[in-house]
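Okay, structure first, notes after.
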């Protein structure tokens, strides 16, 4: 999604960009990174457009401002919509990617995208995720020709970031509103609420849509701590990849565990391993293929 | 999630049918999934409403890559045909009535399948996957149990002579 088909002339002059995110906290729906850019010489006028931090604006006002900035030929924008499935799966990977990293990657992706469109970015303002200075260094190393300003509450300090926050927030709200639920179970409804874990409507939706085997529809970010409170009576699922983690190929404590099990101390984990078809005690050919002899079942 | 022991590499089967009625060799090809996790549940489940495998159009290691999500995890899988001459069966205990008038076996075929979709968490499916490699046994077993022909004996004794 992008506003520019053919690049306006001002993009070859030094440009400023703001980056902000929406939907980082919610337990469901996508997280959206948005950016807004304009020529440095346009900054003063941009300030007069009354972009405030999107959170302080009413929804109708945000929608209105978004339509305004889309129509404004002196402004460009872009978004990156990160699917909740992607968020959950990255955070639950064997090699886990945390939300900060996902956020950094998305922001850098936007910079790359705008640069590759041919916009001469010289300054980029970013609302921080994690430590501002570390984040600034990371960004500067990746894009040495751009001056980065990384700050807390950048969305209320810099109009260009306020603008980006409107782009992100409106996109996130629309995406959630129009979300096509993948699941086809009966009695599903779309009263998602805001998606924030504390929102009573969201709580209701989560309660209505939990499933003892599947957990939740894929709109939900399974990696969020909030989900655990809904999973009290859920069917237990244990993953091969988690077992590898626990047995610990990494770290000292892992090694200790391994040694204990070699000595023959049976923990509940060992038991669960033993129900696996392992080919244990058989010739290597069978072990490698986890083929077990089954004389009765 | 039917008649399976609690094993890693759970097989989930998408049953939409009633076990009581006409169980004769219902074909469930394309609906049998092996997951890289243990689901501590046995019983019917609305699999097709929640578990939505999608073909990616990408081919890896000669396999058509599929994608699905389960409990927030991304699974990458492939559907493989069972070897020529083999079929997969879902067996169930015979009902008391049919058991009396029948032979020794207490089992009854509830459904059969000729392919299976196996899923990896986080790794691309490949020919090196344990699940794929289990089928090697069929080739080995055949070689081991095939009747020995006169030519086999002849070539074996020639080989032995050459060794000594």
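Mind checking the mean number of beta-carbon atoms from other chains within 10 Å of the Cβ atoms in B:69-79?
Neighbouring Cβ atoms belonging to other protein chains average 6 per residue here.
Can you figure out the FRET efficiency of residue A:233 with residue A:105, using R₀ = 30 Å and their beta-carbon distance, to the nearest 0.05?
In this case the efficiency is close to 0.25.
Working only with C-alpha atoms, what are the Rg and Dmax values of the stretch A:1-95, expressed in angstrom?
Cα-based Rg and Dmax for the stretch A:1-95 come out at 15.8, 48 Å.
Quick one: work out Rg over Rh on the C-alpha atoms of the stretch A:106-199, Rh as Kirkwood radius.
Across the stretch A:106-199, the Cα-based Rg/Rh ratio is 1.10.
How far apart, in nm, are two points set 7 Å out from the Cα along the Cα-to-Cβ line at residue B:163 and at residue B:105?
For the pair residue B:163/residue B:105, the computed spacing is 4.1 nm.
Would you please report the Å³ per residue occupied by the convex hull of the alpha carbon atoms in the stretch A:9-177?
110
What do you get for Rg/Rh of chain A when both radii come from the Cα atoms and Rh is the Kirkwood radius?
In chain A, Rg relative to Rh is 1.10.
How many Cβ atoms of partner chains, on average, are near each residue of A:219-228 if near means within 10 Å of its Cβ?
Shielding by partners across A:219-228 averages 1.
Using only Cα atoms, find the angle between the long axis of helix A:159-177 and the longest principal axis of chain A, and express it within 0 to 90 degrees, rounded to the nearest 10.
50
Suppose a student asked you for the relative contact order of the stretch A:9-177, using Cα pairs under 8 Å spaced at least 6 residues apart; what percent would you report?
Taking the mean separation of contacting Cα pairs over the length of the stretch A:9-177, I get 40 percent.
Given that compact globular proteins tend to follow 2.2 N^0.38 Å, what is the ratio of the alpha-carbon Rg of the stretch A:165-222 to that value?
It is 1.17.
For the pair residue A:201 and residue A:115, how long in nm is the line joining their label points, each one 7 Å along Cα→Cβ?
Spacing of the two 7 Å Cα→Cβ label points: 4.0 nm.
Mean projection of the alpha-carbon convex hull of the stretch A:133-252 over all orientations, in nm²?
Projected over every direction and averaged, the Cα hull of the stretch A:133-252 covers 12.3 nm².
Given the -39500 (n - 2.57) contribution per DSSP H run of 4+ residues, what per-residue ellipticity at 222 nm results for chain A, rounded to the nearest 500 deg cm²/dmol?
Helix-only estimate at 222 nm: -12000 deg cm²/dmol.
Report the residues of the stretch A:198-222 in range of a label on residue A:189: point 7 Å along Cα→C-beta, backbone N strictly under 16 Å from it.
The answer is A:200-210.
To the nearest whole number, what is the average tally of beta carbon atoms from other chains within 10 Å of the beta carbons of peptide A:233-240?
6
Between residue B:141 and residue A:131, what FRET efficiency comes out of the Förster formula 1/(1 + (r/R0)^6) with R0 = 45 Å and r the beta carbon distance, rounded to 0.05?
0.15
Relative contact order for chain A: what percent, with Cα pairs under 8 Å and sequence separation of 6 or more?
Value for chain A: 23 percent.
Once the Cβ-Cβ distance between residue B:128 and residue A:9 is put in as r, and R0 is 51 Å, what FRET efficiency do you end up with, to the nearest 0.05?
That pair, residue B:128 with residue A:9, gives E of 0.40.
Decide, for the stretch B:37-95, between rounded, prolate and oblate: order the square roots of the alpha carbon gyration tensor eigenvalues as a ≥ b ≥ c, take rounded if a/c falls under 1.5, and otherwise choose prolate if a/b is larger than b/c, else oblate.
The shape class here is oblate.
Values quoted throughout were computed directly from the atomic coordinates according to the rules given, and no laboratory measurement underlies them. For clarity, every value in this text was computed on a predicted model and none was experimentally measured. So basically every Cβ, Gly included, is an ideal-geometry build from the backbone, and we count neighbours across all protein chains shown.
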